[in-house]
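For reference, the structure is listed below as structure tokens.
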Amino acid sequence: MLAIKIWNYFKGYVIIRIEGLQLERLLNLALSQDIYLWDVRRLNYYQVEICVSPKGLGDLIELVNKAGCKYEILQEKGLPFFFERIKHRKMFVTGFVLFFLIVFLLSSFVWKIEINGLEQTPLEKVFEYLNDNGIVSGTPKISISEDEVELLLMNKYNYFSFIEVKKKGVKLVIDIKEESIPPEKIDRDYPANIVAGKKGVVEKIIARNGDALVKVGEIVREAQVLISGAMLTNESEIYLVHAEGDVLARTRYESEVIETIVKMTEKETGNVFEQKGLKINNRGIRFIKDIPFVNYKEYIKEEKLFDLDIIDIPINIITYEYREVEIEKIRQNIDSLKNSNQLKAIEEINLQIKEGAEIVARDIKHEINGNNLITNVIIETIEEIGKKVIIEN
């Protein structure tokens, strides 16, 4: 139905109102002479509104006159009539086309570069590096590759653990996540605070430059300022410095591993059942049959129906393969399971502990809850938790 409406709009059509006492006869005559009418709407006993093509309008008017009826053309719709109306309004058409050309032209450039997530790296330095490599405001979108920008930044700043570059309208948005970098690599030309990289209890704090804001024994939260680079003069004026110092704190790492005691395992029997389906664009059609297995694994394989180099026809054949499995129960040894859980938990914690951290306490607890063995491992360390964050002016 939508396709027919679009087709009629491209061809153009006329909405006509006919008034008379022989409307039924008139419509039958139009039908017998192959005059295509649609959206026929009866207003009352002697009035009707009809849509008709420009080609059929002349023939319909002849029949209206023969039937002794009256007619009124209400609207002319569609592209042909639109172009007919505007062809004598050259300034309007020219302005309309120029407006869209300018909008299209302007929207094909990047006019703003937005960088999010920087804490330890000065924003100006990253902008300067991008500018030196041709990534500037006013650059055509087509000449900027998101992958190349990501690679460019990753090569320069190897402590960026995550970089995502996206074109959003006329903006180039760069989202960055930094790893903690050694204090000596932070640019000392910029004022900075030392903040807590994680929660902990302060064991020792030495402020070589800047003001220490916390004391030994104090619990600090992540991102809390420990040594401030904003200092007060005797005249109560603030001046900014690059904070230097060490902050050691007692930190805590925790990992929980849950493992089932009685485990269900699946073993394939060798019996296989297949179904076929079609995928057109992103919509799938499956020719459903009853699967003859109670327990099974499903595997999906997708192949192009037409594998042509010159054109990509988005129709794929999908094969659904079902492999029958038998379910077996296996009871695991509790002591072996405890050792396995403990090793998994410690390995997970070791991935989080910073190099140079001193382990001062370890607590391991096992608990059986129903069919689950729950192992909880807590490791406490004393480590450097301070990290520098640039103070934005």
Run down 166, 198, 171, 215 and say which single residue is touching a strand residue (DSSP E or B) at 6+ places or on another chain (Cβ under 8 Å), basic (Lys, Arg) and closer than 20 Å to residue 120 by Cβ.
198
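One line per residue, one yes/no per condition, for (1) among the β-branched types (Val, Ile, Thr); (2) free of Cβ contacts under 8 Å to residues at least 60 places away in the same chain; (3) surrounded by fewer than 13 Cβ atoms within 10 Å (Cβ to Cβ); (4) under 25 Å from residue 248 (Cβ atoms):
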site	(1), (2), (3), (4)
115	yes, no, no, no
128	no, yes, yes, no
139	yes, yes, no, no
143	no, yes, yes, no
153	no, yes, no, no
166	no, yes, yes, no
208	no, yes, yes, yes
212	no, yes, no, yes
If residue 158 satisfies all but one of (1) more than 28 Å from residue 192 (Cβ to Cβ); (2) loosely packed, with under 15 Cβ neighbours inside 10 Å, what's the number of the condition it fails?
(1)
Grab the strands (runs of 3 or more DSSP E) fully contained in the range 60-170, keeping just those with 2 or more residues being modelled with pLDDT of 80 or more, of a type in the set (Lys, Arg) and within 30 Å of residue 392 (Cα to Cα).
160-168
For residues that are among the hydrophobic types (A, V, I, L, M, F, W, C) and within 52 Å of the chain's Cα centre (by Cα), scanning just the range 49-61, find the one that is farthest from residue 15 (Cα to Cα).
57
How many of the residues making up the range 223-269 are in a loop (DSSP other than H, G, I, E, B) and out of contact with any helix residue (DSSP H, G or I) (no Cβ under 9 Å at 6 or more places or on another chain)?
10
Consider the range 187-209. How many of its residues are closer than 14 Å to residue 246 by Cβ, in a strand (DSSP E or B) and small (Gly, Ala, Ser)?
3
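Filter the range 117-126 for residues that are more than 22 Å from the chain's Cα centre (by Cα), loosely packed, with under 15 Cβ neighbours inside 10 Å and within 15 Å of residue 160 (Cβ to Cβ) and give the result. Don't jump to the end; show me each part of the working.
Initially, the range 117-126 is screened for residues more than 22 Å from the chain's Cα centre (by Cα), giving 119-126.
Narrowing further to those that are loosely packed, with under 15 Cβ neighbours inside 10 Å: 123-124.
If the condition is that a residue be more than 22 Å from the chain's Cα centre (by Cα), loosely packed, with under 15 Cβ neighbours inside 10 Å and within 15 Å of residue 160 (Cβ to Cβ), then 123 is the only one that fits.
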Report the residue count in the range 306-337 for those that are farther than 20 Å from residue 292 by Cα, part of a strand (DSSP E or B) and at pLDDT 85 or above.
3
Counted residues in the range 225-242 being surrounded by 15 or more Cβ atoms within 10 Å (Cβ to Cβ) and over 13 Å from residue 196 (Cβ atoms) come to 6
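Does residue 389 satisfy the criteria of being outside any loop (DSSP other than H, G, I, E, B), of a type outside the set (Lys, Arg), modelled with pLDDT of 85 or more and over 30 Å from residue 241 (Cβ atoms)?
No: the conditions fail for residue 389.
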Scan the range 21-34 and tell me whether some residue there is surrounded by 14 or more Cβ atoms within 10 Å (Cβ to Cβ), touching a strand residue (DSSP E or B) at 6+ places or on another chain (Cβ under 9 Å) and assigned to a loop (DSSP other than H, G, I, E, B).
no
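The values are calculated or read from the model by the stated rules, or taken from the named source; none is laboratory data. Remember, predicted model here, so these are calculated numbers, not experimental data. Using ideal geometry, Cβ is built from the backbone for each residue, glycine included, and neighbour counts are taken over all protein chains shown.
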